[in-house]
Amino acid sequence: MKELVEYIVKALVDNPDQVVVNETSGESVTIFEIKAAPEDVGKVIGREGRIANSIRAIVKAAAAKQNKKVTVEILTDDSRPKSKPAE
Amino acid sequence: MKSVKMKGKNVEEATRHALEVLGGKEENAKVIVLNEGKSGMLGIGAEEAEVEVVLREGLADDAKRVLQDILDKMEFMAVADGNLEGERVELVIKGEDMGQIIGKDGATLKSLEILVSSILGQIYGERVRVGIDADGYKDKRKQALERLAKDVLDEVSKTGEEKVMPPMNAADRRIVHLFLQDKPNVTTYSKGEGRDRRLVVAPR
């Protein structure tokens, strides 16, 4: 599933070589953290978060098929997870 | 993506030359008029027309490939197909796991549309419109929404009171609005913002 996240994010940005996806597997939830070049973060989040939300929806759909739960966070400049828009 | 700039007596001629050079058809091309040209008086003050022609032949294939890559990496058993229809790429997904690919109220399908369109926008450097359907979902959705709209139409006609529809996305609201716009008894408008935006059906 990490491959899925990497594929999508790298295809969306100007600097794919600077995209890093970290995967942390907990007991019940797997967390994906996305890092991108500062000038690319906007492209990963999109207007009103629509691209970020779409990435989440796709990764969750893929996870659901394998009976897994996932969270996707996009790290911004200051390295704090971007607050998640309401789902 | 191939493109060329070309001058000619007028826009048509410049476009025709550009398409010859690119070896493509007009329906696959986007023509940007850089200068409409002037005929002038007896050749004085005449200006040649100039166009930039961008061939988008590969667009449908690129869209298909991106969608297929995503479906494969999602480990869904599904195949993407599609064509360029005017300015818009229309893709269709066939295979297993259709329910999961469509998602609740088509939410997963919509997310795929947003991502494939954004990725192509990144590749082509301009906005690319992409529609994705799976298992006839869009037609079924349209029929269901029109049945709902018909029920609301009957209710509003009978009671003479306006009725607020449940929150719907822009595409769904549009279907209901188009269905009701030529009905003599009612009129529609939208209220609310973002995810809570709703269509209101009011007596005329």
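Overview of results
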{"item": "Among residues of the stretch B:123-132, those that are under 12 Å from the mean Cα position of the chain (by Cα) and either buried (at least 17 other Cβ atoms within 10 Å of the Cβ) or hydrophobic (A, V, I, L, M, F, W, C) (or both), counted", "result": "4"}
{"item": "Tally, over the stretch A:8-45, of residues that are in contact (Cβ under 8 Å) with a residue 24 or more places away in the chain and either surrounded by fewer than 17 Cβ atoms within 10 Å (Cβ to Cβ) or not aliphatic (A, V, I, L, M) (or both)", "result": "14"}
{"item": "Test result for A:E48, over 23 Å from B:K104 (Cα atoms), among the acidic types (D, E) and either surrounded by fewer than 18 Cβ atoms within 10 Å (Cβ to Cβ) or in contact (Cβ under 8 Å) with a residue 60 or more places away in the chain (or both)", "result": "no"}
{"item": "Filtered residue count, the stretch B:164-202, keeping only those that are of a type outside the set (K, R) and in a strand (DSSP E or B)", "result": "10"}
{"item": "Condition met for B:G194 (at pLDDT 90 or above and either among the β-branched types (V, I, T) or under 24 Å from B:L115 (Cβ atoms) (or both))", "result": "no"}
{"item": "Filter pass, B:I101 being within 14 Å of another protein chain (Cβ to nearest Cβ), hydrophobic (A, V, I, L, M, F, W, C), assigned to a strand (DSSP E or B) and surrounded by 13 or more Cβ atoms within 10 Å (Cβ to Cβ)", "result": "no"}
{"item": "Matching residues in the stretch B:86-97 - criterion: being surrounded by 17 or more Cβ atoms within 10 Å (Cβ to Cβ) and either within 12 Å of chain A (Cβ to nearest Cβ) or in a helix (DSSP H, G or I) (or both)", "result": "B:D97"}
{"item": "Test: A:V20 is closer than 24 Å to B:M98 by Cβ, in contact with a strand residue (DSSP E or B) (Cβ under 7 Å, 6 or more places away or on another chain), at pLDDT 95 or above and not polar (S, T, N, Q)", "result": "no"}
{"item": "Residue match in the stretch A:60-70 (condition: in contact with a Gly (Cβ under 7 Å, 6 or more places away or on another chain), outside any strand (DSSP E or B), farther than 15 Å from A:V13 by Cα and of a type in the set (G, A, S))", "result": "yes"}
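Residues are listed down the side, and each one gets a yes or a no for (1) within 28 Å of A:V13 (Cα to Cα); (2) more than 11 Å from chain A (Cβ to nearest Cβ); (3) not in a strand (DSSP E or B):
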{"residue": "B:D72", "(1), (2), (3)": "yes, no, yes"}
{"residue": "B:E75", "(1), (2), (3)": "yes, no, yes"}
{"residue": "B:K110", "(1), (2), (3)": "yes, no, yes"}
{"residue": "B:G131", "(1), (2), (3)": "yes, yes, no"}
{"residue": "B:K138", "(1), (2), (3)": "no, yes, yes"}
{"residue": "B:A144", "(1), (2), (3)": "no, yes, yes"}
{"residue": "B:L148", "(1), (2), (3)": "no, yes, yes"}
{"residue": "B:V152", "(1), (2), (3)": "no, yes, yes"}
{"residue": "B:E161", "(1), (2), (3)": "no, yes, yes"}
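The values are calculated or read from the model by the stated rules, or taken from the named source; none is laboratory data. Worth saying up front: this structure is predicted, and the values here are computed from it rather than measured. Cβ coordinates were reconstructed from backbone atoms using ideal geometry, including for glycine residues, and neighbour counts include every protein chain displayed.
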